[in-house]
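Notes to accompany the following structure.
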Amino acid sequence: MKIIVCIKQVPARDSLLRIDPAASWIQEAGLNYEINEPDTYALEEGLRLKEKHGGETVVLSAGPARAGQAIREALAKGADRAIHVECDNLNALSPLEAGKLMAGAIAPESPDLVLTGLQSDDAGYGQTGVILAELLGLPHATLAIEIEAREGALRVKRELEGGWFQYVEMPLPALATVQSGINRPRYATLMGIKRAKNKEVRHVPAVLAPGAPGFQVTRVYLPERGKQTQLLDGNPREAAARLVEKLRFEARVL
């Protein structure tokens, strides 16, 4: 079973983010980077499926040269080899453009299963996985919290709203976007780190179609903060009831 797991390198969650002078993205100089958190769950699921059914797990990442750090970490955790789509301006691309780059690198591999995280922690579009499935002509399921591979098929448990779940069965090859919490991601061992140095990383140059980009970011900015004071009239019981109502339905903190 050949499994391709798509991962993205994003700024570390504890990074202090500053907006660049053009207000088009964040200042990337001096930031620490890590594997996108939802993608770590997708990687772990891919590794577990390989351990259970055999085959190989291939990691694919699109991004600049620094994305090689995320690739090596994935290889150290147990991925067999990797594909690096070299793209210096990944954050300037629309999900469709990014999907086309990734699909071009995935198609020659003819995988049985493609796994992605539900969304990225930086842009958070949540679109690349389903776009990738459409470009590859694969059936897909989103919000996967349980994946079971069977003979020529895939059974996926999806998380819906309001505590509801849905079971979907699809023929292989297929694609699934993985929800955070589906498993407990492993750490790279010392032996895994040593072995990662000798594993294959295939570099693929990014080839974008000519023409205008699919979208354009006009402004990135911090949410404006404001203060508002409200006086609640009535006796203490009435005021407390109104306060709870406002905290629950307006502030949404209860």
One would report the antiparallel percent of DSSP beta bridges in the range 2-205, rounded to the nearest 5, as 35
Hey, what do the phi angles of the range 194-208 turn into as Karplus ³J(HN,Hα) couplings, whole Hz, using 6.51/-1.76/1.60 and θ = phi - 60°, x for Gly and Pro? 5, 5, 4, 5, 9, 8, 6, 10, 8, 9, 10, x, 6, 10, 9
Counting only C-alpha contacts under 8 Å and six or more residues apart, can you give the relative contact order of the range 2-205 as a whole percent? 26
Helix 67-77: inclination vs the chain longest Cα principal axis, degrees, rounded to 10, gives 70
For the chain, build the convex hull from the C-alpha positions and give me its volume per residue in Å³. 172
Mean residue ellipticity at 222 nm from the helices of the chain, using -39,500 (n - 2.57) per DSSP H segment of n ≥ 4 over the full residue count, to the nearest 500 deg cm²/dmol? -8500 deg cm²/dmol
Between residue 20 and residue 248, the FRET efficiency computed from the C-beta separation at R0 = 51 Å comes out, to the nearest 0.05, as 0.85
Using only Cα atoms, tell me the angle between helix 95-106 and the longest principal axis of the chain; keep it within 0 to 90° and round to the nearest 10. 20
Rounded to the nearest 10 degrees, the helix 37-53 long axis (Cα) sits at an angle to the longest Cα principal axis of the chain of 40
Test of understanding: in a Gaussian network model of the chain with alpha carbons linked when under 10 Å, which of 49, 138, 208 would top the mean-square fluctuation ranking? 208
With the cut-off at 23 Å, tell me which of the pairs 52/197; 100/199; 8/52; 52/199; 8/199; 50/100 have Cα atoms farther apart than that. 52/197; 100/199; 8/52; 50/100
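Read-outs: derived from the displayed coordinates by stated rules, not from any lab. Quick caveat: nothing in here was measured; it's all calculated off a predicted structure. Ideal geometry is used to build each Cβ from the backbone, glycine not excepted, and the neighbour counts take in all protein chains shown.
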